[in-house]
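Before any comments, here is the structure.
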Amino acid sequence: MIRIIRCLFFGSRPYIAVHYLFPTAFGIFLGAKTFNEPIYLLNSCLILLSVFFSFQASVILNDVNDVRADAIVKRRTPINCGYVSVGAYLQIAVVCLVISILLALGTGYRTLLIVILGNILHFAYSSKPFRLKRFYPLSIFLLALGALLAAIAGYSLYEASRPFLSFPLRASLFIMVPLFLALNFRDLADYQGDRRTDTTTLFTLIGLERGRLVNAVLILLSYVSVAVILQYSLLFAICIPLGLASGHVCIQKPLSEKRVFVIYFVFIGVLTVLFNLNPSIIIK
C-alpha cells in the first residue's frame, strides 16, 4: 500500500491535486465575501477533502484507462509498476469516491450533487464508452470545467439554493478562460502515447515543435487573460513576466512540469494577497 501511495504522488500529480484545491478555496472565499459571512472552517475542510479524494478517484480511473498509453511513454503508475492489479486499484478508487461523497454530504445535499456531477464529468473524460479526452479541444474544456465545478462546490457552502445561477460570470471566466488556454502543456509528455492510441491533442494535431511554440503563446495568453478579465491594469505587470517565464519553460526540452506549476503557484499566491486586500477585484 505504501508503494501504491508513493506512486500515486509521483511526478506532477501532487501539483495537480493542489491545483484542484485552489478553485475550491477560491469558491469558499468568493461565497464568504459576497454574502459577508465568516469562513465556515469545518465545512470548508470537508469540501476541500471531498474534492481531494474525488481527484484521487479520477486519477486512478485515468490510470486504468491509460495503461497502454502510459506504457508507451514509460509513465510510472501503480499498475504498470506492478504494485497492484487493475481490480484492486479500482477498489481503491471506489473507496476514495465513497469518502469524497460522504464528506460532501456532510456539507449539504446540493454540494453533494455538485461533487457527484464532477465525478460524472471525470468518468466521461477518462472512461469508455465516452472517453472524451480523445477529442481536442473538448478535452481541455472539460478539465477547465472540472475546476469550475470545484469552485462552485466551495461557493455552495454560502449559496446552497442556486449556486450555478448565482455564481458570478466574471469568476467563471476567471477560472475557465485561463485554464482552457494553459492546460495544453499537460499533453506534451504524453505525445507518443496519445499519437499511438488515437487521442487528439494540440501536439498530435500540429506536431511537437510547432505545438511547443503554440503552447508557449497560449500559456502567455492565459496569464494575460486574467488581467483582462479582472479589468485590473496593475496585474499586467505581474501576468506578463510570469506568462513569459512559463512559456519559456514550456519551450525547453525536456519540459519541466514542476517549474510550470511553481510559476503558477507563485501567481496564485499573488492573486490571493490581492483578493484579500481588495475583494472588489473579483466580486463585482
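The values are calculated or read from the model by the stated rules, or taken from the named source; none is laboratory data. Model, not experiment: these values are computed from the prediction. Cβ: placed from backbone, ideal geometry, glycine included. Neighbour counts: every protein chain shown.
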State whether one or more residues within the range 260-280 are farther than 20 Å from residue 73 by Cβ, in contact (Cβ under 8 Å) with a residue 40 or more places away in the chain and hydroxyl-bearing (Ser, Thr, Tyr).
-> yes
Among (1) surrounded by 16 or more Cβ atoms within 10 Å (Cβ to Cβ); (2) aliphatic (A, V, I, L, M); (3) outside any helix (DSSP H, G or I) - the single one residue 179 does not satisfy | (3)
Checking 244, 218, 213 in turn, the sole residue that is at pLDDT 95 or above, surrounded by 19 or more Cβ atoms within 10 Å (Cβ to Cβ) and part of a helix (DSSP H, G or I) turns out to be 218
Consider only pairs whose beta carbons are under 6 Å apart and that are at least six residues apart or on different chains; among these, list those whose first residue lies in the range 163-178 and is over 17 Å from residue 227 (Cβ atoms) and whose second residue is buried (at least 21 other Cβ atoms within 10 Å of the Cβ) and of a type outside the set (A, V, I, L, M).
-> 163/155; 163/156; 167/155
In the range 235-258, is there at least one residue being touching a residue at least 24 places away in the same chain (Cβ under 8 Å), closer than 24 Å to residue 14 by Cβ, in contact with an Asp or Glu (Cβ under 7 Å, 6 or more places away or on another chain) and among the acidic types (Asp, Glu)?
-> no
How about the range 108-144: which of its residues are under 19 Å from residue 31 (Cβ atoms) and of a type outside the set (D, E, K, R)?
-> 108, 109, 111, 112, 113, 114, 115, 117, 118
Only one of these conditions is not met by residue 267: (1) over 26 Å from residue 36 (Cα atoms); (2) among the aromatic types (Phe, Trp, Tyr); (3) touching a Leu at 6+ places or on another chain (Cβ under 7 Å). Which number is it?
-> (1)
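Which one of these is under 13 Å from the mean Cα position of the chain (by Cα), modelled with pLDDT of 95 or more and surrounded by fewer than 17 Cβ atoms within 10 Å (Cβ to Cβ): 141, 135?
After ruling out the rest, the residue left standing is 141.
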Considering (1) in a helix (DSSP H, G or I); (2) closer than 25 Å to residue 52 by Cβ; (3) modelled with pLDDT under 95, say which one residue 195 fails and leave the rest.
-> (2)
Take the residues of the range 72-89 that are hydroxyl-bearing (Ser, Thr, Tyr) and in contact with a helix residue (DSSP H, G or I) (Cβ under 8 Å, 6 or more places away or on another chain): which is nearest to residue 187 (Cα to Cα)?
-> 77
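State yes or no: is residue 132 closer than 22 Å to residue 195 by Cβ and without any contact (Cβ under 8 Å) to a residue 40 or more places away in the chain? First the steps, then the outcome.
On the way: closer than 22 Å to residue 195 by Cβ: yes; without any contact (Cβ under 8 Å) to a residue 40 or more places away in the chain: yes.
Yes: the conditions hold for residue 132.
Return the residues of the range 125-160 that are among the aliphatic types (A, V, I, L, M) and closer than 19 Å to residue 67 by Cβ; say none if nothing qualifies. Full working, then the answer.
Taking the range 125-160 as the starting set, the residues that turn out to be among the aliphatic types (A, V, I, L, M) are 132, 138, 140, 142-145, 147-153, 157, 160.
132 - this is the single residue of the range 125-160 that is among the aliphatic types (A, V, I, L, M) and closer than 19 Å to residue 67 by Cβ.
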Restricting the search to the range 249-284, which residues are surrounded by 14 or more Cβ atoms within 10 Å (Cβ to Cβ) and either of a type in the set (Asp, Glu) or in a loop (DSSP other than H, G, I, E, B) (or both)?
-> 255, 257, 282, 283
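Yes or no, residue by residue, for (1) under 17 Å from residue 55 (Cβ atoms); (2) in contact with a His (Cβ under 6 Å, 6 or more places away or on another chain); (3) at pLDDT 90 or above; (4) among the polar types (S, T, N, Q):
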position: 4; (1), (2), (3), (4): yes, no, no, no
position: 10; (1), (2), (3), (4): yes, no, no, no
position: 14; (1), (2), (3), (4): yes, no, no, no
position: 18; (1), (2), (3), (4): yes, no, no, no
position: 21; (1), (2), (3), (4): yes, no, yes, no
position: 25; (1), (2), (3), (4): yes, no, yes, no
position: 32; (1), (2), (3), (4): no, no, yes, no
position: 38; (1), (2), (3), (4): no, no, yes, no
position: 43; (1), (2), (3), (4): no, no, yes, yes
Single residue of the range 116-132 satisfying the filter (among the aromatic types (Phe, Trp, Tyr) and closer than 24 Å to residue 103 by Cα) that is nearest to the chain's Cα centre (by Cα) = 125
